[in-house]
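First the structure, in the form of structure tokens, and then the observations on it.
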Amino acid sequence: MPQTSQDLPRPREPLTPLLLSALREGYGAGRLRADAVAGMTVAIVALPLSMAIAIASGVGPERGLFTAIVGGFLVACFGGSRYQIGGPAGAFIVLVAACVAQTGIAGLVLATFLSGAMLAVLGLARLGSYIRFMPYPVTVGFTTGIGVIIFVSQVKDMFGLTLAGGEPGPILPKLEALWAARDSVTPMAVAVALATVVLIEAVKRFRPRWPSLLIGIAAVTAVSAGLGLPVETIASRFGELPRMLPTPALPDFSTQAIWAALPWAVSFTLLGAIESLLSAMVADGMSGTQHRSNMELVAQGLANMGAALVGGFCVTGTIARTATNVRAGAQTPVAGMLHAVFVLAVMLIAAPLAGYIPLAALAGLLAIVAWNMIERHEFAALTRASKGDALVLWVTFLMVVFRDLAEGIVLGFALGGLVFIRHMSEMTQLHEAPSGPHPDPQGEGAQQPRDVVTYRLRGAVFFGSVARLGTVLDRIAQRPRAVLLDMSEVSFIDSTGARMVQTLGQTLARRGGELVIVGARADLAQNLRAQGVQAPQVRFAEAVAPGAQGLS
């Protein structure tokens with residue numbers, strides 16, 4: 001019997017960094033030059049963004065730089081993607097801020113380290129291929145929800161508001177607190193934020209190849225410092241930035257600290273795995289390459305543990321910076337490693353200058369990031385696509401915004417699975433074949449007797465479709481007769497489906513009838529026998545029923 005493409009063994013994804021594969025292809029001056037240009041381009045984008053994400057996450061801007069340097073280097077060095085850029089990501093702002101509020105900086109660092117260990121284990125266990133099976137409505141729902149939350153979180157600094165107490169984490173109390181502080185608006189902060197947004201968008205429109213984020217932040221910072229504008233800056237809130245990486249140190253591994261950090265570590269792992277593999281798939285689509293999902297998870301794990309050792313926080317693949325890396329002409333993962341080196345060089349040389357950056361300018365930058373994360377067109381298209389997709393999308397979105405990010409992803413994934421099960425069960429069909437000449441169960445080629453009926457089963461026979469099929473099969477078994485069940489078009493059957501077939505055979509046998517399975521593929525028949533579907537209740541034959549007609 002010829003092997004079909006379905007039967008051919010799938011090659012096992014190698015668990016080796018893509019950097020090694022890229023270097024084996026040959027690495028010369030031309031590739032180094034291209035990687036250096038791409039690395040510099042990405043570093044220009046990553047520098048202000050890393051500090052802005054860190055501040056929005058409730059930690060100092062220096063921790064964003066530590067994360068980009070150490071995490072970004074390790075992701076590129078050990079990763080399974082040729083173009084992946086790792087670092088702080090906007091998607092983590094909500095979780096990181098909540099973790100800091102509950103466990104403090106020490107708890108955040110420990111949760112980051114534990115998350116790194118979990119990600120590495122997931123990769124070594126080769127579970128990366130399964131994490132990629134995320135329904136598109138869930139991805140759009142949680143990305144849009146995160147965008148909304150990030151945008152709302154920047155309102156305070158964009159308007160220069162002074163809150164009566166600390167800024168609440170949940171969005172509804174946050175909106176109430178912001179509205180209550182509306183009389184404390186600082187016009188100059190609004191002007192700085194607006195100027196940043198306008199300048200960045202203008203550069204994107206008229207000079208798309210220029211580093212719009214850096215130009216916008218640098219220009220507004222220069223004007224603000226030169227004119228001495230009365231706005232809060234990085235230095236006025238956080239002090240002077242360090243000019244070197246801290247000495248690596250292990251987090252607190254006490255039992256109490258681990259129990260407090262563990263739930264956050266699980267959330268970081270779930271989101272980090274999804275975000276990183278999604279970013280790698282975006283890079284694949286732009287470049288025509290294929291990433292190694294399991295090795296990518298191992299690299300993300302090492303990067304998170306490494307970042308935690310220097311006081312950094314969650315590292316993940318970042319879609320915007322990865323896309324920038326591809327567009328800038330990167331050739332190998334060396335570009336990602338150089339991006340981290342360039343960020344380190346800027347921190348060593350020009351850290352004091354970053355202290356002049358207005359917080360309102362960084363808030364304007366993050367407002368643009370948040371707006372770009374809100375996938376408006378995809379959201380509208382999925383809402384119109386089908387009731388099932390719309391349900392998954394809206395539930396995920398609302399859970400992320402008003403409840404919890406991890407819960408939103410899990411619930412959205414579960415709903416997506418239920419929608420898929422329903423769709424697949426509707427595709428499973430049971431038809432009665434017309435009576436006429438047909439090989440009998442003994443294979444003699446005789447005319448089919450009148451008390452023998454043939455039914456054709458097609459599609460996937462699994463727990464989702466069994467309830468609907470079982471009603472029809474119960475009706476079939478009411479009279480003692482021989483039933484030929486043609487399974488030549490059954491693609492898959494699980495244990496629940498096998499149990500249904502076995503029950504039909506037993507019911508017919510008790511009534512003096514007989515069930516004969518015809519046309520089942522060898523692997524399908526073997527699977528059925530392994531699950532107890534066998535003589536005397538059920539017999540197998542190789543005969544195939546004629547074309548079936550619809551059964552009402």
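Could you say which residue among ALA195, ALA260, ALA280 is in contact (Cβ under 8 Å) with a residue 12 or more places away in the chain, over 24 Å from PHE92 (Cα atoms) and part of a helix (DSSP H, G or I)? Walk me through it before giving the result.
Numbers: ALA260 fails: over 24 Å from PHE92 (Cα atoms); ALA280 fails: over 24 Å from PHE92 (Cα atoms).
Checking each option against the conditions leaves just ALA195.
From the list THR103, THR139, THR67, exactly one residue is touching a Gly at 6+ places or on another chain (Cβ under 7 Å) and polar (S, T, N, Q). Which is it?
Numbers: THR103 fails: touching a Gly at 6+ places or on another chain (Cβ under 7 Å); THR139 fails: touching a Gly at 6+ places or on another chain (Cβ under 7 Å).
Result of the check over THR103, THR139, THR67: THR67.
Suppose we filter ILE93, ILE105, ILE69 for residues that are more than 22 Å from the chain's Cα centre (by Cα), buried (at least 24 other Cβ atoms within 10 Å of the Cβ) and of a type in the set (A, V, I, L, M, F, W, C); which single one remains?
Answer to the check: ILE69.
Please name all residue pairs, on different chains or six or more residues apart, with Cβ atoms under 7 Å, provided the first residue is in region 39-50 and is assigned by TED's automatic domain parsing to the domain that holds ALA89 and farther than 11 Å from VAL346 by Cα and the second residue is among the polar types (S, T, N, Q) and surrounded by 24 or more Cβ atoms within 10 Å (Cβ to Cβ).
As it stands, the answer is VAL42/ASN325; SER50/THR67, since those pairs meet every condition given.
Quickly run through region 210-240 and pick out the residues that are surrounded by fewer than 13 Cβ atoms within 10 Å (Cβ to Cβ) and in contact with a Lys or Arg (Cβ under 9 Å, 6 or more places away or on another chain).
TRP210
With the requirement that a residue be surrounded by fewer than 19 Cβ atoms within 10 Å (Cβ to Cβ) and assigned to a helix (DSSP H, G or I), what does region 347-378 give you?
LEU348, ILE349, ALA350, ALA351, PRO352, LEU353, TRP371, ASN372, ARG376, HIS377, GLU378, listed by residue number.
If GLY216 passes every condition in (1) assigned to a helix (DSSP H, G or I); (2) in contact with a Leu (Cβ under 8 Å, 6 or more places away or on another chain); (3) more than 22 Å from ALA320 (Cβ to Cβ) but one, which one does it miss?
(3)
Answer yes if at least one residue in region 359-374 is in the same structural domain as ALA191 (by TED's automatic domain parsing), modelled with pLDDT of 90 or more and of a type outside the set (Gly, Ala, Ser), and no otherwise.
Scanning region 359-374, I find no residue that is in the same structural domain as ALA191 (by TED's automatic domain parsing), modelled with pLDDT of 90 or more and of a type outside the set (Gly, Ala, Ser), so the answer is no.
Could you run through region 506-525 and say how many residues are out of contact with any strand residue (DSSP E or B) (no Cβ under 7 Å at 6 or more places or on another chain) and β-branched (Val, Ile, Thr)? It would help to see each step written out before you state the result.
As a first pass, look at region 506-525 and keep what is out of contact with any strand residue (DSSP E or B) (no Cβ under 7 Å at 6 or more places or on another chain): 506-507, 509-512, 521-523.
Cutting the leftovers down to β-branched (Val, Ile, Thr) gives us 507.
Summing the residues that are out of contact with any strand residue (DSSP E or B) (no Cβ under 7 Å at 6 or more places or on another chain) and β-branched (Val, Ile, Thr) in region 506-525 gives 1.
Can you tell me which residue within region 400-434, out of those that are among the acidic types (Asp, Glu) and not in a loop (DSSP other than H, G, I, E, B), is surrounded by the most Cβ atoms within 10 Å (Cβ to Cβ)?
Going through region 400-434, the residues among the acidic types (Asp, Glu) turn out to be 404, 407, 426, 432.
Going one step further and asking which of them are not in a loop (DSSP other than H, G, I, E, B), we end up with 407, 426, 432.
Numbers: GLU407: 13, GLU426: 12, GLU432: 17.
Within region 400-434, the match that is surrounded by the most Cβ atoms within 10 Å (Cβ to Cβ) is GLU432.
Give VAL401, VAL392 a once-over and let me know the one that is within 30 Å of GLY497 (Cβ to Cβ), out of contact with any Lys or Arg (no Cβ under 6 Å at 6 or more places or on another chain) and in the same structural domain as ILE93 (by TED's automatic domain parsing). Show your work before the answer.
Values: VAL401 fails: within 30 Å of GLY497 (Cβ to Cβ).
Criteria check complete, one pass: VAL392.
Please find, within region 283-314, the residue that is nearest to GLY116 (Cα to Cα) out of those that are assigned to a helix (DSSP H, G or I) and of a type in the set (D, E, K, R). Before you say what the answer is, go through the steps one by one.
Pass one, region 283-314, residues assigned to a helix (DSSP H, G or I): 283-287, 293-309.
Now narrow it down to the ones that are of a type in the set (D, E, K, R): 284, 296.
Details: ASP284: 24, GLU296: 12 Å.
Filtering first and then ranking leaves GLU296.
Taking PHE92 as the residue in question, decide whether it is in contact (Cβ under 8 Å) with a residue 60 or more places away in the chain and touching a Ser or Thr at 6+ places or on another chain (Cβ under 8 Å). Working first, answer last.
On the way: in contact (Cβ under 8 Å) with a residue 60 or more places away in the chain: yes; touching a Ser or Thr at 6+ places or on another chain (Cβ under 8 Å): yes.
The answer is yes for PHE92.
Just give me the residues in region 230-257 being part of a helix (DSSP H, G or I) and either at pLDDT below 90 or among the basic types (Lys, Arg) (or both), in sequence order.
So the first thing to find is which residues in region 230-257 are part of a helix (DSSP H, G or I), and the list is 234-238, 255-257.
If the condition is that a residue be part of a helix (DSSP H, G or I) and either at pLDDT below 90 or among the basic types (Lys, Arg) (or both), then ILE234, ALA235, SER236, ARG237, PHE238 are the ones that fit.
Kindly establish whether ALA52 is farther than 21 Å from VAL109 by Cα, modelled with pLDDT under 90 and outside any loop (DSSP other than H, G, I, E, B). Outline the logic, then answer.
Values: farther than 21 Å from VAL109 by Cα: no; modelled with pLDDT under 90: yes; outside any loop (DSSP other than H, G, I, E, B): yes.
Here the answer is no, as ALA52 does not meet what is asked.
Here is a yes/no grid of residues against (1) touching a helix residue (DSSP H, G or I) at 6+ places or on another chain (Cβ under 8 Å); (2) within 30 Å of GLY272 (Cβ to Cβ); (3) crowded, with 22+ Cβ neighbours inside 10 Å:
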| position | (1), (2), (3) |
| --- | --- |
| VAL121 | yes, yes, no |
| PRO137 | yes, yes, yes |
| THR143 | yes, yes, yes |
| ASP157 | yes, yes, yes |
| ILE171 | yes, yes, no |
| GLU176 | no, no, no |
| ASP183 | no, no, no |
| VAL192 | yes, no, yes |
| ARG205 | no, no, no |
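The values are calculated or read from the model by the stated rules, or taken from the named source; none is laboratory data. Not measured: the values here are computed from a predicted model. So basically every Cβ, Gly included, is an ideal-geometry build from the backbone, and we count neighbours across all protein chains shown.
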